[in-house]
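The values are calculated or read from the model by the stated rules, or taken from the named source; none is laboratory data. Predicted, not measured: the structure shown is a model, and the values here were computed from it. So basically every Cβ, Gly included, is an ideal-geometry build from the backbone, and we count neighbours across all protein chains shown. Heads up: the accessible areas ignore ligands, DNA and RNA and are worked out on the full protein's heavy atoms, side chains in. Shrake-Rupley method; radii C 1.70, N 1.55, O 1.52, S 1.80 Å.
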Amino acid sequence: MTLAIDIFLILHFIGLAGIIGSWLAVIREPRVVAGMLHGAILQVVTGLALVGLNEADGADLNHMKIGIKLVVAVVILVLAILGMKRERQKPGSTAALAHAAGALGVLNVVIAVLW
């Protein structure tokens, strides 16, 4: 069980890197890019898997923290989906969505570390 949890945790971190890294990569000309969307999908899927695996392993989880992080992750995912759609229609028009997704990604790190 520990190996599965570790693998999903690594994938969870890679998803986080996809969100924040993509944001930082385009910060001079901000727009929503595919890396944000893929990172957000990976974050939500692996986060849910981590909760399930840890529950099955008998870990004592902070469900309030997990719920808040899930809401933030889903908002990031929605922003990325909307941003990708809008970017196809009108390239370069997604700066606000990109900044919001990146900032919320950082917020999720802050919640994970400080709470």
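Scanning segment 67-91 for residues that are in contact with a Leu (Cβ under 9 Å, 6 or more places away or on another chain) and hydrophobic (A, V, I, L, M, F, W, C) turns up LEU70, VAL72, ALA73, VAL75, ILE76, LEU77, LEU79, ALA80, ILE81, LEU82, MET84. Filtered by the rule that a residue be assigned to a helix (DSSP H, G or I), buried (at least 19 other Cβ atoms within 10 Å of the Cβ) and among the β-branched types (Val, Ile, Thr), segment 1-43 gives ILE19, ILE20.
Tell me whether segment 54-76 contains one or more residues that are more than 15 Å from MET36 (Cα to Cα), among the small types (Gly, Ala, Ser), open to solvent by 50 Å² or more (accessible area, probe 1.4 Å) and part of a helix (DSSP H, G or I). Give the derivation first.
So in segment 54-76, the residues more than 15 Å from MET36 (Cα to Cα) come out as 54-71.
After this cut, where a residue has to be among the small types (Gly, Ala, Ser) as well, the list is 56, 58-59, 67.
Then keep just the ones that are open to solvent by 50 Å² or more (accessible area, probe 1.4 Å); that gives 56, 58.
Within this subset, residues satisfying the condition of being part of a helix (DSSP H, G or I) are 56.
The answer is yes; a qualifying residue exists.
Being more than 18 Å from the chain's Cα centre (by Cα) and surrounded by fewer than 18 Cβ atoms within 10 Å (Cβ to Cβ) is the requirement here; does LEU114 meet it? In short, no. For segment 82-102, the count of residues that are closer than 29 Å to MET1 by Cα and open to solvent by 50 Å² or more (accessible area, probe 1.4 Å) is zero.
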